[in-house]
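A short write-up of the structure that comes next.
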Amino acid sequence: MRVSEIINSGSFARVIEIFPPGFPTPNNMKPGQKIDLSVRFETIVQNIADLEALSDAFSLPELRDDSRVHLNSVAVAAELIRRTGSAVIPTITLRDSNKQNLLGTISFAIFSGVENIQIVRGDPYASHSESRNVYDISKISTLISIIRKLESHLLNLQKTCVFAPINLSKISIDSYFKMAKQREVSGVDIFVTESLFEDTNVYLRRVAELRDLGFRAPIIHNIFPFRDYEDAMACVKRFGWNVSAEELHGLKTKGPKFGVEMARKRYFGLVDRKEISQGACISSRGNADLIRQIVA
């Protein structure tokens, strides 16, 4: 099912982020090491089965890690949909493919019954990385416009539900506002925000301001539960996330339980205000039980 249909029905969309199968690149494998992809797929299939009652769709994130092989997210989504019947949202990055490959990937997604896709630019690889930054198409809005044009030439097709990121903390910057507006005009169905590390009421005031600026596309919010203080500090260092000193102190003194409590508080804060917030995307961190503790 398209997540946009769930939102249009008046329901709060529940998306759970799960991680696609991956393994070390050949140069990072030990001599004689063997990888059983079937086992890794079965683990993901089981995770979906365990969580399908708590979710409307499952999101496959884009992972920037050139030390590992990450299977094509559209192909993984198509296989998971075939095996589970659940809605799966693959992530397609502008960083990793030229225009022709992007068109082929999107065409395969449409052909194989993938009804939801997320388009992101993708954080660039470092200059010393073995992987290249492609960005043949430099704007998310450009690719969305191409998708809509492509769809207009295909028979017996319902419109793909396209997700794209929006950073509410940057919307007051004129250049970012124009870029975000281009994404909406190009045909984005759902915006996905940056991870939520604030009081929910503060966050939702930003959404109200966005509506006042004329944005109409539904918005769902990323919730990222921290495992503990060390995990939070590692994420702050890696992603530059703005996590308050109070939250870091709570994680340091109360441990993993505090991280779950904060994620749960934010999730239900969004559910309670679903007239403003249309959904949430919660990272499973590879742990299905973590999701149960947050949403059940």
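Just so it is clear, none of the values below were taken in a lab; they were calculated from the coordinates. None of the values given here were measured: they were computed from a predicted structure. Using ideal geometry, Cβ is built from the backbone for each residue, glycine included, and neighbour counts are taken over all protein chains shown.
Some observations on this one:
- Share, in percent, of DSSP beta bridges within region 3-295 that are antiparallel, nearest 5: 10
- Across the chain, Cα-Cα pairs more than 31 Å apart make up 28 percent of the total.
- Spin-label pair Val236/Leu157, simplified geometry with 7 Å Cα→Cβ offset, distance in nm: 4.6
- Rg over Rh [alpha-carbon atoms, Kirkwood Rh] for region 1-95: 1.03
- Electrostatic dipole magnitude of region 3-295 [Cβ: Lys, Arg +1; Asp, Glu -1; Cα centre; debye, to 20]: 340
- Placing a pseudo-label 7 Å from each Cα along the Cα-to-Cβ vector at Asn133 and Val39 gives an inter-label distance of 3.7 nm.
- Counted charge near Thr25, where neighbours are those whose Cβ lies closer than 9 Å (Asp, Glu -1; Lys, Arg +1): -1
- Placing unit charges on each Cβ (+1 for Lys and Arg, -1 for Asp and Glu) gives region 57-202 a dipole about its Cα centre, and among Phe191, Ser86, Ile144 the Cα reaching farthest toward its positive end belongs to Ile144.
- According to the Cα-based calculation, Rg over Rh for region 143-296 is 1.02, with Rh computed by the Kirkwood formula.
- Packing rank of 148-156, 62-70, 187-195, 167-175, where each peptide gets the mean count of other beta carbons within 10 Å, highest leading: 187-195, 62-70, 167-175, 148-156
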